[in-house]
Amino acid sequence: MHPFTYTRVSGTREALDAGRLGGRYIAGGTTLVDLMRETVERPDTLVDISGLPLREILVAKDGGLRIGALARMAETAAHPAVRAAFPVIAQALELSASAQLRNMATIGGNIMQRTRCTYFRDVSADCNKRELGSGCAARDGFNRMHAILGTSESCVATHPSDVAVAFAALEARVHVLGPDGARDIPFGDFLLRPGSTPNREQALAKGELITAVEIPALPRPLTSGYLKVRDRQSYEFALTSAAVALHIRGGVIREAKVAAGGVGTVPWKLSAVEQALVGQRPSDALWTAAAARAADGARPLHHNRFKVALLKRTVERQLRVIGGSK
Ligand code: SF4
């Protein structure tokens, strides 16, 4: 392991000062420590922010949520307000990782986690995300788990988070604090597609710290849920997944929020599916027709062509679960 210094901070100003000087923030450590052991990550300075007061989960007057960046995955999934208002978030968290990891890992760390591409984690393999310009071993290698949407010549890795798919569907906002003050970033702009710089993964400036994820209020009643399809039923990443939230009033779908995981280089907002749903009456025929748009623009690789059909079926099944079979 590369030698590093470790500092534990107790205030956000102290954290920002350390971040401005190039320190890497660490909280639960469930991803970063693994990567340091494998020498994929080689930070010189770790700034432990786990003692900062960023753990609260607050319900806004309008029914939205503000989830502190240091809230643990397990406590967020168990929070009564999260379970009542946005089951899609609770379900996505409960289907992630293992119980031990969910007890340690934070919401901020979850959305910052790095890809599970095996070549990224193998320092002997070519990987543009780890070392820009070295190539992409996955393109001609074993790419069954890789992305079919949002890929580039440089990188085809998926984003591994489940709860980020729920955040993308619900159009969350990421609140950050930096040397120049506070700002918030639409979730759809927070995680970056690889393009020609897959080493840059988030729209964060140097030293910026995530403080919270805000879920905007949505009209009620809202029914939501998360479906994850994977090779085994626990402790496994998604082949495909679907986060769906529907507001149905007077027998008509008034709002539809849909995103997919396991298929995109970032959590993939399914705008074409949403557009096909809004203003329509729920029916099995509608679920099938809307889900047929889920893989629009897909560019499958040699080993993951099956994801095109699997994604459509995943979305169709979850629309039926949330909207009802008619
Ligand atoms: Fe690296 Fe991305 Fe290629 Fe994987 S897909 S080897 S992360 S460049």
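The values are calculated or read from the model by the stated rules, or taken from the named source; none is laboratory data. The model shown is predicted, which means the values in this text are computed figures rather than measured ones. Every residue, glycine as well, gets a Cβ built from its backbone with ideal geometry; the counts of neighbours run over all protein chains shown. Accessible surface is based on the protein model in full, side chains and every heavy atom, while ligands, DNA and RNA are left aside. Shrake-Rupley method; radii C 1.70, N 1.55, O 1.52, S 1.80 Å.
Its DSSP H runs of at least 4 residues, each contributing -39,500 (n - 2.57), put the calculated 222 nm mean residue ellipticity of the chain at -7500 deg cm²/dmol, to the nearest 500. Descending by average beta-carbon neighbour count within 10 Å, the peptides 100-107, 164-171 line up as 164-171, 100-107, the highest first.
Here the calculated FRET efficiency for H2 and A78, from their Cβ-Cβ distance with R0 = 30 Å, stands at 0.25, rounded to the nearest 0.05. Comparing A60, A172, A97 in a Gaussian network model of the chain where C-alpha atoms under 10 Å apart are linked, the largest mean-square fluctuation is found at A60. Label zone of S10 (point 7 Å out along Cα→Cβ, amide N under 18 Å): in the range 36-74 this covers 47-55.
When each of the peptides 256-267, 223-234, 202-213 is scored by the mean number of other C-beta atoms lying within 10 Å of its residues, the order from highest to lowest reads 256-267, 202-213, 223-234. The simple spin-label model puts a point 7 Å past each Cα toward its Cβ; for V321 and E171 those points are separated by 2.4 nm. Please go through the residue pairs K61/K312; K269/K326; K61/K269; K206/K257 and name each one whose alpha carbons sit more than 29 Å apart in this structure. K61/K312; K206/K257, as the Cα separations exceed 29 Å there. If the segment from A217 to D122 were pulled out straight at 0.36 nm per residue, it would be longer than the present Cα-Cα gap by 30.0 nm.
When each of the peptides 289-297, 175-183, 86-94 is scored by how many other beta carbons lie within 10 Å of its residues on average, the order from highest to lowest is 86-94, 289-297, 175-183.
Solvent exposure of the range 1-133, expressed per residue, is 48 Å² of accessible area, with all protein chains present and a 1.4 angstrom probe. As a fraction of the 1.4 Å probe accessible area of the range 5-51, surface on carbon and sulfur atoms comes out at 44 percent. Estimated at 0.36 nm per residue, the fully extended path between F306 and E131 surpasses their Cα-Cα distance by 60.0 nm. Stokes-Einstein, applied to the Kirkwood radius of the chain over Cα pairs at a viscosity of 1.002 mPa s and 20 °C, places its translational diffusion at 106 µm² s⁻¹. By the Kirkwood approach, averaging reciprocal distances over each pair of separate Cα atoms, the range 57-204 gets a hydrodynamic radius of 16.6 Å. Fully extending the segment from Q275 to D140 would add 45.1 nm, taking 0.36 nm per residue of separation and subtracting the current Cα-Cα distance. Against the chain, whose longest principal axis is taken from its Cα atoms, helix 306-323 shows a tilt of about 60°.
Placing +1 on the Cβ of every Lys and Arg and -1 on the Cβ of every Asp and Glu, with no other charges, gives the chain a dipole of roughly 880 debye about its Cα centre.
The residues of the range 182-326 have, on average, 44 Å² of accessible surface per residue, using a 1.4 Å probe with all protein chains present. Using the Karplus relation 6.51 cos²θ - 1.76 cosθ + 1.60 with θ = phi - 60°, the per-residue 3J(HN,Hα) values for the range 267-283 come to x, 9, 6, 9, 5, 5, 5, 4, 5, 5, 8, 5, x, 9, 8, x, 6 Hz, with x marking Gly and Pro. Couplings for the range 178-184, taken from phi via the Karplus curve 6.51 cos²θ - 1.76 cosθ + 1.60 with θ = phi - 60°, read x, x, 9, x, 9, 7, 10 Hz in order; Gly and Pro are left as x. Relative contact order for the chain: what percent, with Cα pairs under 8 Å and sequence separation of 6 or more? 17 percent.
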